[in-house]
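**Student:** Here you go, one structure.
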Amino acid sequence: MTDAAAVDHAHGVEPAETPLTPESWGKLGMWVFLAGDAMSFGTLLAGYAIMRGNSANWPVPVDVLGISLTAFMTFLLICSSVTMVKGLDAIKKDDQDGLVKYMWLTVGGGLIFLALQAYEWTHLINVGLGLAGNKWGDSLFGTTFYIITGFHGMHVTGGVIYLSVIALRGKKGVYSSTNWNEVEIAGLYWHFVDLVWILVFTFIYLL
Amino acid sequence: MASDSHAQHDDHHVNYMAIFWWLLALTILEVIAGIPQASPAYPQLLKGALLVVMAVAKAALVGLYFMHLRFEKLTLGFIAMIPLILCVFVVLMVLPDF
């Protein structure tokens, strides 16, 4: 308890909620960023819904996009979220090698995801799904697909770079059982990317 | 303070593999519900509702357990709820256009 809090307590003043600390500043900052980012994705998905709802010839997504590859990509991101929390658990137990191993596994999951997305885009472009037109129906179908999945792919790319930095710093021994806050904050970002993909998979591919 | 904060976090033990299996099971169910050939003929509205419920359940599992929202202070929960509320608001605002 700080001196000020002790004085307040002595005078019968109810102590406030645990004050912000340098550790929680980072986490709070990340949550504020993620809230803003979630609104960006939310607006994109709402825009998609409006365009689709008002279109007379919107293609059936499953017929054009297929879902077996993206179902696997979803599985991959879920796995990478698990390796992320395992990495955090490892460093909480002072297992630095475990942290580095799980961070690189998470980065690997992200890289494979990006490679599969590049493959998927290439395939779809080759079969005629353009940014401004396609043979199945409304041209906005391709526009919204590439913008939303591309926006998410950029987040995955950012996450791969972010987690690589965490892995390299972990390798240097920066983190320990008493200093893992940066790992947790990076994990929040990565789980958010996973969470958004869960929604993108449902709304863009399945519905 | 840092060690206090970390000690608080260490109080909870989440079975992450259980969450993983739930997420995997829900994903498989979603794919089955989403593939026209694999799913029985049922109304489009029911299919949509099922898919949305499963997606929200998966997102909630990730948010509550992987992102530790369930164990965080209420303040962070409120911050996380803001975009959700605004997105519902956006959807409600555009509904009359359909």
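The values are calculated or read from the model by the stated rules, or taken from the named source; none is laboratory data. For clarity, every value in this text was computed on a predicted model and none was experimentally measured. In this analysis, Cβ positions are derived from the backbone assuming ideal geometry, glycine residues included, and neighbour counts consider all displayed protein chains. With ligands, DNA and RNA removed, areas are computed over all heavy atoms of the protein, side chains included. Shrake-Rupley method; radii C 1.70, N 1.55, O 1.52, S 1.80 Å.
**Student:** Given a 1.4 angstrom probe, what's the average accessible area per residue across the protein assembly as shown, in square angstrom?
**Tutor:** Per residue, the protein assembly as shown has an accessible area of 49 Å².
**Student:** Around A:SER176, which amide H atoms from residues at least 5 apart in sequence, or from another chain, sit under 5 Å from its own amide H, with H modelled in the peptide plane?
**Tutor:** Here the answer is none, since no amide H 5 or more places off falls under 5 Å of that of A:SER176.
**Student:** Taking the Cα centroid of segment A:42-60 and of segment A:96-123, what is the distance between the two, rounded to the nearest whole Å?
**Tutor:** Cα centroid of segment A:42-60 versus Cα centroid of segment A:96-123: 30 Å apart.
**Student:** Hey, any idea what % of the protein assembly as shown's accessible area is carbon plus sulfur with a 1.4 Å probe?
**Tutor:** With neighbouring chains kept in place, the figure for the protein assembly as shown is 69 percent.
**Student:** Once phi is turned into θ = phi - 60°, what whole-Hz ³J(HN,Hα) does the Karplus curve with 6.51, -1.76 and 1.60 give for every residue of segment A:121-131, x standing for Gly and Pro?
**Tutor:** 3J(HN,Hα) across segment A:121-131, in whole Hz: 4, 4, 4, 5, 5, 5, 8, x, 8, x, 5.
**Student:** Label A:LYS93 and A:ASN57 with points 7 Å out from Cα along Cα→Cβ: what is the distance between them in nm?
**Tutor:** 6.0 nm
**Student:** Which ³J(HN,Hα) values, rounded to whole Hz and listed in residue order, are derived for segment A:28-38 from phi using the Karplus coefficients 6.51, -1.76 and 1.60 in 6.51 cos²θ - 1.76 cosθ + 1.60 with θ = phi - 60°, glycine and proline given as x?
**Tutor:** 4, x, 5, 5, 5, 4, 5, 4, x, 5, 4
**Student:** Which value, in square angstrom to the nearest 100, describes the accessible area buried between chains A and B on both sides, using a 1.4 angstrom probe?
**Tutor:** Roughly 4000 Å².
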